[in-house]
Amino acid sequence: MEYRFLGRSGLKVSALSFGSWVTFGEQVDTDLAYQSMKVAYDAGVNFFDNAEAYEMGKSEIIMGKVLKKAEWKRSDLVLSTKIYWGGEGPNDQGLSFKHIKEGTEAALKRLQTNYVDLIFCHRPDLYTPIEETVWAMNQMISEGKALYWGTSEWNAYQIRKAYDFARQEHLRPPLMEQPQYNMFHRERVEAEYAPLYEDIGLGTTVWSPLASGLLTGKYNDGIPEGSRLDLEKYDWLRKKLLETESGKAKLEKVKKLAPIADDLGMSLPQLALAWCLNNDKVSTVITGASKVEQVEQNMETMDVIHKVDEEVIQKIERILDNKPAEPTDWRR
């Protein structure tokens, strides 16, 4: 396993990490979660990602039980949660000081830990001043309930505003962002955030590297029974990925990527993960799985990542044809 610094912080996270979105509580019970997390841990994964919104807390409960059973050394782990959607009450959602405090404390109880290493604002809150959210996150760190904080799916302006206010008030600034990033979703990570990597040392913990399973190739010939897109609650995602013109176009590109993976002796998911890791602005790639075998295959990416060299990257780029444009040099 390779370990990368989380942005400009001194914290190192495994290049591949393990998240519980969709699977824990929906497709994965406690026993299977234990087996999956153990495979990831044994492969060198130290970062395990969660959120209060995942199955309305059930995901954190399952992960908490796994951590208790595994008895791994706490200092060897980097645990996270994300705060925003905590329930149906009028103050159970958003990024108010009240919800951040109560949501964090509830998450810690479910995870059966005294603190999380990383705490994220799961989405931007249009109704809570960013200044209030910064104060709240700083307070969670001051109380020892979290060590670092960051954002998820915030735009560059919002991140910079939070960072500048924190610095102005001598508070802990956001150090990482958790955006979606994969072969089909690139603009934010590769273009919008570009100034933030150098300016504030932003780290990224990217999610959905397989584009909700599209880049596994398993939907090339239909929808396998028991897969994510076979679940009733993800009917919206199935329609978006497989029934729209843009979705169909992506599926055709996946079919063209498959021979590249075959020629390299890799699986298509491994090629997609290696492609993400090829970006040195990516601190860690969050993987997920509903089967132990999928975890094993994902982890084996680290053994074959060297095969994805510049020549391979260029072959992929010709198929994707979606690389964000470079800034225009108006002096030329």
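The values are calculated or read from the model by the stated rules, or taken from the named source; none is laboratory data. Since this is a predicted model, take the numbers as computed values, not measurements. Neighbour counts run over all protein chains shown; Cβ positions are idealised from the backbone, glycine included.
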Q) Any residue at all in segment 226-236 that is part of a loop (DSSP other than H, G, I, E, B), among the aromatic types (Phe, Trp, Tyr) and either at pLDDT 70 or above or out of contact with any strand residue (DSSP E or B) (no Cβ under 6 Å at 6 or more places or on another chain) (or both)? A) no
**Q.** Of all residues in segment 250-291 being at pLDDT below 95 and within 30 Å of Leu196 (Cα to Cα), the one that is farthest from the chain's Cα centre (by Cα)
**A.** Lys250
Q. If we only count helices (runs of 4 or more DSSP H) wholly inside segment 257-316, which ones have 1 or more residues that are of a type in the set (D, E, K, R)?
A. 292-299, 301-304
(Q) Any residue at all in segment 48-66 that's surrounded by fewer than 16 Cβ atoms within 10 Å (Cβ to Cβ) and part of a helix (DSSP H, G or I)? (A) yes
Q.
Regarding segment 86-106, can at least one residue be identified that is in contact with an Asp or Glu (Cβ under 7 Å, 6 or more places away or on another chain), in contact (Cβ under 8 Å) with a residue 24 or more places away in the chain and of a type in the set (Ser, Thr, Tyr)?
A. yes
(Q) Given (1) touching a Lys or Arg at 6+ places or on another chain (Cβ under 9 Å); (2) under 30 Å from Lys38 (Cβ atoms); (3) surrounded by 14 or more Cβ atoms within 10 Å (Cβ to Cβ); (4) not charged (D, E, K, R), identify the lone condition not met by Leu242. (A) (2)
Q) Would it be correct to say that Lys98 is assigned to a helix (DSSP H, G or I) and more than 27 Å from Val285 (Cβ to Cβ)? A) yes
Q | Residue that is surrounded by the fewest Cβ atoms within 10 Å (Cβ to Cβ) [pool: residues in segment 110-120 that are more than 16 Å from Glu132 (Cβ to Cβ) and free of Cβ contacts under 8 Å to residues at least 40 places away in the same chain] | A | Asn114
Q.
Exactly one of these conditions fails for Ile223: (1) touching an Asp or Glu at 6+ places or on another chain (Cβ under 8 Å); (2) more than 27 Å from Ala191 (Cβ to Cβ); (3) in a helix (DSSP H, G or I). Give me its number.
A. (3)
Q) Just one of Ala162, Ala146 is among the small types (Gly, Ala, Ser), under 20 Å from the mean Cα position of the chain (by Cα) and closer than 16 Å to Ile83 by Cβ; which is it? A) Ala146
Q | Failed item, numbered, when Gly7 is tested on (1) surrounded by fewer than 16 Cβ atoms within 10 Å (Cβ to Cβ); (2) at positive phi; (3) not acidic (Asp, Glu) | A | (1)
Q. In segment 317-327, which residues are farther than 18 Å from Glu187 by Cβ and assigned to a loop (DSSP other than H, G, I, E, B)?
A. none
